[in-house]
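Since the structure comes first, as structure tokens, the remarks are kept for the end.
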Amino acid sequence: MNIKTAFFLAFISLKRGNKGTLAMTILIMTLAYVNIVFISSVFGGIVDAINTQSIDNQYSHIVIEPEIDEKYITNTRAIDSIKTIPGIVGVSAHYIDNPLIKYDERKDNKDVKTGNWVLKSIDVSDEKTVLKIHEAMLEGSYLEENDRDQIIIGKEIAGGYGGSLDHLSLNVSTGDEIDISFRNGIKRTYTVKGIFGTKSTPVDQMVFITKKEMESVLNVRNIASEILIKIEDVGNEDYYINEIRHLGLVHEDIQKWSDLMGFTSSASMSFAMISIILGVIGTIVAGVTIFIIIFVSVVNKRRQIGILKAIGMRDNTIILYFVIQALFYGIVGVVLGASFILFILRPFFISNPLDFPIGWVSLKVTFDIIRISNISLIVAALIGGFFPAYRGARESILKSIWG
């Protein structure tokens, strides 16, 4: 096999070939590459948005719940010690209840709207270190430390703001009074201080009061229904769980945020699978495109191939000649496509993320996506170029010249 000759023939063919065809081929390969990376990055962005919503508004990174058959976490010494673990940046304890919430707009016991929703208490300063609900206020304001007769509610309970469960909402606004009947029999009236919306339906079906108020209702102190923990070294949750266990929380249920996502986790896996399928289809389309281009080139150069074989050129050199052309299309498509993705599309979507129901979605362009896309397109180009070249090179000299 004469590699230099194959490269020379490929160079001459590209140089003297139709420039419009060359440009169109490169454009097709570039778009094929962009399509593969874009689809994978969008679905990666969707999964990332789902995970971000869960971490920022519902679970943080680690959740501690009471041991089986227990209502509260009572090891207060261990709770206080969690904050001392290096790398933990936030700890917040919640009390949880599932009370009956009632709104009587006219105070006449007519057209009363009711529902059971999750109510949680928060220590305001601690809560801001683990969750970002305070940044998602749509109306009114967030709770303050000493608020006792005020409450904030999610948009799915309040109604309006494009909620998906509007027909079940109370249809309230800030300043309205709602009555809450706790499971222990205590009844209290609260003023709606704020309405929040996080793009997470489970969170937007919650209500929050202050820790001091909840402790007065439940007649408890310094225990918790759950504890949320935010860590600095994301992805190393197992290490921190072991450190927490060493503090004495041996029997409590301690889980990572990813283990608690349930249906959301299944949805993320489905998006990842769809991304893979569409990426494979895009790669096949790119390979077929190269196949057609090289096939047409071989057909148009049959006589040239016959002459080259007649003067002694080996089949392998002729095959390599066409494969180099295909490889050129693939490499240029990768370079131009990657440049377009990294320097145009990615910055654009970072500045202008897509507003999806599950969160703000940007392109998640990772090294793995780029690497796999590069390899896929190059391999597709090689395979797509090899088969028509092999078929053309294997024809007899007479058939190539006179066929």
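A short reminder: the numbers here are calculations on the coordinates, not readings from a lab. The structure displayed is predicted, hence computed values, not measured ones. Note that we place each Cβ from the backbone using ideal geometry, even for glycine, and neighbour counts take in every protein chain shown.
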Legend entry - Whole-Å distance, taken between Cα centres, linking segment 268-287 and segment 152-201: 41
Legend entry - Cα long-axis angle, helix 237-246 against the chain (0 to 90 degrees, to the nearest 10): 30
Inset, instruction - Could you please state, rounded to a whole Å, how far the C-alpha centre of segment 65-90 is from the C-alpha centre of segment 206-262? - result: 6
Inset, instruction - Could you state the angle between the C-alpha long axis of helix 367-393 and the longest principal axis of the C-alpha atoms of the chain, as a value from 0 to 90 degrees rounded to the nearest 10? - result: 20
Inset, instruction - Count charges around Glu135 for me, please; just the other residues with Cβ under 15 Å from its Cβ, Lys/Arg as +1, Asp/Glu as -1. - result: +1
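At a Förster radius of 35 Å, what calculated FRET efficiency corresponds to the Cβ-Cβ distance of Ile68 and Lys212, to the nearest 0.05? Don't skip to the end; give the middle numbers.
Values: r = 29 Å, r/R0 = 0.83.
That pair, Ile68 with Lys212, gives E of 0.75.
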Inset, instruction - Evaluate E = 1/(1 + (r/R0)^6) for Ile12 and Lys83, where r is the Cβ-Cβ distance and R0 equals 60 Å; express this FRET efficiency to the nearest 0.05. - result: 0.25
Inset, instruction - State the label only: which of (1) 5, 24, 36, 27, 7, 0; (2) 5, 19, 24, 21, 17, 11, 4, 0; (3) 4, 18, 20, 16, 12, 10, 9, 7, 4, 1, 0 corresponds to P(r) over Cα pairs in 10 Å bins from 0, in percent computed from the shown model? - result: (3)
Inset, instruction - Please give, to one decimal in nm, the separation of the simple spin-label points placed at Asn316 and Glu144, each 7 Å out from Cα toward the Cβ. - result: 8.4
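Between rounded, prolate and oblate, where does segment 134-288 land on the alpha carbon gyration tensor, with a ≥ b ≥ c its root eigenvalues, rounded for a/c under 1.5, else prolate if a/b exceeds b/c?
On the way: a/c = 2.89, a/b = 1.41, b/c = 2.05.
Note, shape of segment 134-288 comes out oblate.
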Legend entry - Antiparallel %, DSSP beta bridges [both residues in the chain], to 5: 80
Legend entry - Rounded Å value of the spacing that divides the Cα centres of segment 98-114 and segment 1-61: 57
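Charges only on Cβ, +1 for Lys and Arg, -1 for Asp and Glu: so what's the dipole of segment 60-260 about the Cα centre, in debye to the nearest 20?
Magnitude of the dipole: close to 440 debye.
Full-extension gain between Phe343 and Leu382, please, as 0.36 nm times their residue separation minus the C-alpha to C-alpha distance. Before the final figure, lay out the partial values.
Numbers: separation 39, 0.36 × 39 = 14.04 nm, distance 2.70 nm.
That pair, Phe343 and Leu382, stretches by 11.3 nm at full extension.
Which of the trypsin sites (Lys or Arg not before Pro) across segment 195-239 are loop residues per DSSP, with 14 or fewer other Cβ within 10 Å? Show your work: numbers first, answer last.
Values: sites: Lys199, Lys211, Lys212, Arg221, Lys230; in loops: Lys199, Arg221.
Listed in order of number, the matching sites are Arg221.
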Inset, instruction - Under 13 Å Cα to Cα from Lys199, which aspartates and glutamates show up? Leave out anything in the same chain fewer than 8 places away. - result: Asp56, Glu135, Glu156, Asp355
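Around Val299, under 12 Å between beta carbons, what's the net of Lys plus Arg minus Asp minus Glu among the other residues? If you can, show how the numbers build up before the last one.
Details: positive: Lys301, Arg302, Arg303, Arg391; negative: Glu395.
Taking every Cβ under 12 Å from that of Val299, the sum is +3.
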Legend entry - Residue-averaged [θ]222 nm for the chain, counting only DSSP H segments that reach four residues, each worth -39500 (n - 2.57): -16000 deg cm²/dmol
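What FRET efficiency do you get for Gln304 and Ile375 if R0 is 45 Å and r is their Cβ-Cβ distance, rounded to the nearest 0.05? It would help to have the intermediate numbers written out before the result.
Values: r = 32 Å, r/R0 = 0.71.
The formula returns an efficiency of 0.90 here.
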Legend entry - Highest-fluctuation residue, His61, His246, His134 considered, GNM on the chain with Cα pairs under 10 Å: His246
